[in-house]
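The values are calculated or read from the model by the stated rules, or taken from the named source; none is laboratory data. Only a predicted model underlies this, so the values are computations on that prediction, with no experimental measurement involved. A quick note on method: Cβ atoms are made from the backbone with ideal geometry, for glycine too, and the neighbour counts reach across all protein chains shown. The accessibility values were calculated without ligands, DNA or RNA, using every heavy atom of the protein model including side chains. Shrake-Rupley method; radii C 1.70, N 1.55, O 1.52, S 1.80 Å.
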Amino acid sequence: MKLGDPAFVLPERRARIDAVVANRTRTLTVVMEAFCDPQNVNAVLRTCEAFGIQTLHAVEGPMKPYDRNKKISQNADKWLDVRRWSSTAECLAHLRSEGFAIYATHLGERSTPMAGLSFAGKVALVFGNEQRGVSEEALAVADACYAIPMRGFVQSLNVSVAAAISLAHAVERREVERGRHGDLPDDEAQVLRERFYLLAVKQRSRIAKAEAVRDRIARHARTRR
């Protein structure tokens, strides 16, 4: 039995992993654009994991680059794919080439209620810098801009709250328009399940080292025959 074999994981844990993978998607994604505080990225990672978003795109900001903080992310990052980009243009050009519609969070003349947006296809939600908001570069290529309705004096939200509200709506709309949220192809789902089975083994480093030693001994024995 090799590390990553489902037998290493308790049946209840395997069932939980299988259910999570069934609700994972890469056709709804999040772009964090040039954030000043990298801890905001960790907070949004936690939100993405909770809503089944497998991939997050982090455009490096003017301050400290994003780095994992498991206290804030609650280890959500270990289950996700984080792609780092040096520029907004490069990131959004890639997403556009993959067939994603770009929806930017922005309060302005172009803004439309989120309820009017379609989530039937691939969608990338762009969240801007804490101080400046979404860049002009992102606004220029966005298919739509939306604002979260607020009815108090405050007209801004913490980005993790904005992401949570946006993703909750997006997932709800996907389920209505597409019939389901999770949509990984069978082969991708299987790869992800195997990866999660491996990550779920707490002593995986020690087991991996033991397997490596065992394999070396076996190879050495074969060469001496």
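Structure above, values below:
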item: Single residue of Glu177, Glu130 found to be closer than 29 Å to Val21 by Cα, among the acidic types (Asp, Glu) and either open to solvent by 40 Å² or more (accessible area, probe 1.4 Å) or touching a residue at least 40 places away in the same chain (Cβ under 8 Å) (or both); result: Glu177
item: Subset of segment 164-174 (residues that are β-branched (Val, Ile, Thr) and free of Cβ contacts under 8 Å to residues at least 60 places away in the same chain); result: Ile165
item: Unmet requirement for Ile165, which otherwise passes all of (1) modelled with pLDDT under 85; (2) of a type outside the set (D, E, K, R); (3) closer than 17 Å to Ile53 by Cα; result: (1)
item: Residue in segment 146-162 that is farther than 23 Å from Ile17 by Cα, of a type in the set (A, V, I, L, M), open to solvent by 80 Å² or more (accessible area, probe 1.4 Å) and in the same structural domain as Trp79 (by the TED database) present; result: yes
item: Unmet criterion (only one of (1) open to solvent by 60 Å² or more (accessible area, probe 1.4 Å); (2) modelled with pLDDT of 90 or more) for Leu28; result: (1)
